[in-house]
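One structure is given here, and the rest of the page talks about it.
The values are calculated or read from the model by the stated rules, or taken from the named source; none is laboratory data. Keep in mind that this is a model prediction, so the values were computed, not measured. Every residue, glycine as well, gets a Cβ built from its backbone with ideal geometry; the counts of neighbours run over all protein chains shown.
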């Protein structure tokens, strides 16, 4: 039997978002899309 | 990334921070299992090591590349990043890998179309030359989980990456699993010679039948054959595609009387984890009453012949096709796996055949949804399928919905349905993680790239009309019928409309012999809701730590029956104090040393000045005492 449209919840909202699309949508400006480069962490600027 | 300093130890300490979504925590643990199966990289909860990976939920999915030796090294699995291949991708960065298309020789294999790239994003397509990045003597890999997809950073609808071999255009950017080459590179980089949870894989192509032995205490031997007149016509590994090869093992039940047996024993294994999953394909061309018994033979100092224990009896085997079976084993010592074919009643026209055995120290899936004649279903317009009903270990009844109505995308959804235990269960259903895996039926478990997605039932989730989404299906579900006419209630479905594409499902071995398998596991992951990514704590540990809150990412551990905070630290910083509330750094030490030096210097200066002043005063006094017109009497000299 066909399933009514509203009876399923789609966690991807119909879009197959890759890692880079997700980060781009969030406005993240990471190196090559998903790489953090700053080596020093927890140090006072 | 070139440089030994960027390597992690083979066992990587990690922390799953509380900020992570509970589904993401479960997915990360599943990703670790894939690493354990294919590589020698292991993961353990952080216990105070100098450097560790802190997996947390920030904005987006990202990682650093390699071990930066900064103490707490962050890796973000943000919203929508809770996919197993995404987690594997980010951990490959952390292990020291760049993206595949940033290899120095990538222009030999792909063409970057610069004018189709979003303005300002061109830097994402820069390459690392071979002084910075080592390709580890492995060919360029279009199948890598580290490759961009063809539309990465596009400014329109045309691809930004065009593969020089056009067949790979839709292959790049797969988010299924580590490719063979990903595994090869990782194993080369970390000098792996074996993997942690893999034990054996056998497709019977070689005459040594993987070291398996025939028993002398049975009626007949299993035979290594490539076909049987009564079926199967070919093996399962190659499905008859390779002329002159494609072998399997066959027990000819025609040749023995009822009760006759054939016993095949595996080589000896030395388990490490104490739990195993045995997987194999079985074909019954006999009477339909033949039976396969699985035993384990465990050896001990006192029992050199080994103690034989029956683990599973496989009866009522469907005839005429290869069937996938999983058997859970719990072996802790030196042992063999034993396959016993047993002739049943009735006239036999063939027997039992086995092929593509895999043994690994992993958890077996709870259920198998076997979809036959998949190609025909696929070609039917607006097709969609519901699985048979299954029960989770907790007793929840569920069903899977496979949606083929929106091709080229294939959707998959998890539904709770009404079941026999509903009165005894907790509603809304709390924190059950459903993992749905489309099985890549490659004969070798290590070479599979199965497609997997997980969802978790959140008891607080509501629908538009205010009902709890995961409430009792009899209350919030809709009426439905099984094919036999039985009525039941089906709750709302939760899943993805983009589980896999038509092209991908037709690739690799997702469809084999026109059969598709969807593996299902539903487990209670409520223990991951708290700070529980640390090793499953004993109750006493949990009690002692329940009243202790560690600040700044510290974790509570029990030492000498006392709860203590272990505080995070880096190369040049650390937290300290009973609750990790104070921060220290090498800069502080320098400041203390310099200020102490200055203070001592100032003190010494003051002492010197005072001394000089006193001496001069005394001298002046002495001089003035020698002035004339003063009569001095009874003077003493010291």
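Within segment B:501-520, identify whether any single residue is in contact (Cβ under 8 Å) with a residue 12 or more places away in the chain and within 11 Å of another protein chain (Cβ to nearest Cβ), and answer yes or no. Before you say what the answer is, go through the steps one by one.
Initially, segment B:501-520 is screened for residues in contact (Cβ under 8 Å) with a residue 12 or more places away in the chain, giving B:501-505, B:507-520.
Add one more test, that the residue is within 11 Å of another protein chain (Cβ to nearest Cβ), and what stays is B:501, B:504.
Yes, some residue in segment B:501-520 is in contact (Cβ under 8 Å) with a residue 12 or more places away in the chain and within 11 Å of another protein chain (Cβ to nearest Cβ).
Take residue B:484 and decide whether it is out of contact with any strand residue (DSSP E or B) (no Cβ under 6 Å at 6 or more places or on another chain) and within 19 Å of residue B:390 (Cα to Cα). Walk me through how you get there before you give the answer.
On the way: out of contact with any strand residue (DSSP E or B) (no Cβ under 6 Å at 6 or more places or on another chain): yes; within 19 Å of residue B:390 (Cα to Cα): yes.
Judged against the criteria, residue B:484 is a match.
For (1) facing chain B (nearest Cβ under 7 Å); (2) modelled with pLDDT of 90 or more; (3) farther than 28 Å from residue B:493 by Cα; (4) surrounded by fewer than 16 Cβ atoms within 10 Å (Cβ to Cβ), each residue gets a yes or a no:
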{"residue": "A:3", "(1), (2), (3), (4)": "yes, no, no, no"}
{"residue": "A:10", "(1), (2), (3), (4)": "yes, yes, no, no"}
{"residue": "A:19", "(1), (2), (3), (4)": "yes, yes, no, no"}
{"residue": "A:24", "(1), (2), (3), (4)": "no, yes, yes, no"}
{"residue": "A:29", "(1), (2), (3), (4)": "no, no, yes, yes"}
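Regarding residue B:79, is this residue surrounded by fewer than 17 Cβ atoms within 10 Å (Cβ to Cβ) and within 28 Å of the chain's Cα centre (by Cα)?
Values: surrounded by fewer than 17 Cβ atoms within 10 Å (Cβ to Cβ): yes; within 28 Å of the chain's Cα centre (by Cα): yes.
Here the answer is yes, as residue B:79 does meet what is asked.
Being in a loop (DSSP other than H, G, I, E, B) and away from every other protein chain (no Cβ under 14 Å) is the filter; apply it to segment B:405-427 and report the residue that is surrounded by the fewest Cβ atoms within 10 Å (Cβ to Cβ). Step through it out loud before you land on a result.
Of the residues in segment B:405-427, the ones in a loop (DSSP other than H, G, I, E, B) are B:405-408, B:418-421, B:425-427.
Then drop every residue that is not away from every other protein chain (no Cβ under 14 Å), which leaves B:418-421, B:425-427.
Working: B:418: 19, B:419: 21, B:420: 10, B:421: 12, B:425: 16, B:426: 13, B:427: 18.
That would be B:420.
Of all the residues that make up segment B:484-500, how many are within 26 Å of residue B:393 (Cβ to Cβ) and within 13 Å of chain A (Cβ to nearest Cβ)? Break it down into steps so the answer makes sense when it comes.
Looking only at segment B:484-500, we keep the residues that are within 26 Å of residue B:393 (Cβ to Cβ), and these are B:484, B:486-496, B:499.
Narrowing the set further to residues that are within 13 Å of chain A (Cβ to nearest Cβ) leaves B:487-496, B:499.
Total meeting the criteria: 11.
Tally the residues that are surrounded by 20 or more Cβ atoms within 10 Å (Cβ to Cβ) and outside any strand (DSSP E or B), restricting the search to segment B:486-507.
2
Do you know which residues across segment B:444-473 are more than 13 Å from every other protein chain (Cβ to nearest Cβ), under 35 Å from the mean Cα position of the chain (by Cα), without any contact (Cβ under 8 Å) to a residue 60 or more places away in the chain and surrounded by fewer than 18 Cβ atoms within 10 Å (Cβ to Cβ)?
B:459, B:460, listed by residue number.
All but one of (1) under 23 Å from residue B:502 (Cβ atoms); (2) outside any loop (DSSP other than H, G, I, E, B) hold for residue B:434; which doesn't?
Of everything listed in (1) under 23 Å from residue B:502 (Cβ atoms); (2) outside any loop (DSSP other than H, G, I, E, B), residue B:434 misses just condition (1).
Which residues, taken from segment B:360-404, are within 12 Å of chain A (Cβ to nearest Cβ), outside any strand (DSSP E or B) and touching a helix residue (DSSP H, G or I) at 6+ places or on another chain (Cβ under 9 Å)?
B:383, B:404 - these are the residues of segment B:360-404 that are within 12 Å of chain A (Cβ to nearest Cβ), outside any strand (DSSP E or B) and touching a helix residue (DSSP H, G or I) at 6+ places or on another chain (Cβ under 9 Å).
Can you tell me which condition residue B:443 does not meet? The list is (1) at pLDDT 95 or above; (2) assigned to a loop (DSSP other than H, G, I, E, B); (3) out of contact with any strand residue (DSSP E or B) (no Cβ under 6 Å at 6 or more places or on another chain), and all the others hold.
(3)
For residues that are more than 28 Å from the chain's Cα centre (by Cα) and within 14 Å of chain A (Cβ to nearest Cβ), tally how many sit in segment B:160-175.
Number satisfying all stated conditions: 2.
Working only within segment B:312-332, note down all residues that are buried (at least 17 other Cβ atoms within 10 Å of the Cβ) and under 31 Å from the mean Cα position of the chain (by Cα).
Within segment B:312-332, B:314, B:322, B:323, B:324, B:325, B:326, B:327, B:329, B:331 qualify.
Regarding segment B:186-193, can at least one residue be identified that is part of a loop (DSSP other than H, G, I, E, B), in contact (Cβ under 8 Å) with a residue 12 or more places away in the chain and touching a strand residue (DSSP E or B) at 6+ places or on another chain (Cβ under 8 Å)?
no
Got a sec? Which strands (runs of 3 or more DSSP E) wholly within segment B:51-159 have at least 1 residues that are within 11 Å of another protein chain (Cβ to nearest Cβ)?
On the way: elements: B:52-56, B:61-64, B:72-77, B:110-112.
Correct list: B:52-56, B:61-64, B:72-77.
For the condition more than 11 Å from chain A (Cβ to nearest Cβ) and in a loop (DSSP other than H, G, I, E, B), what is the one hit in B:1, B:29, B:37, B:20? So that I can check it myself, show each step before the final result.
On the way: B:1 fails: more than 11 Å from chain A (Cβ to nearest Cβ); B:29 fails: in a loop (DSSP other than H, G, I, E, B); B:37 fails: in a loop (DSSP other than H, G, I, E, B).
Selected residue: B:20, the only one of B:1, B:29, B:37, B:20 that is more than 11 Å from chain A (Cβ to nearest Cβ) and in a loop (DSSP other than H, G, I, E, B).
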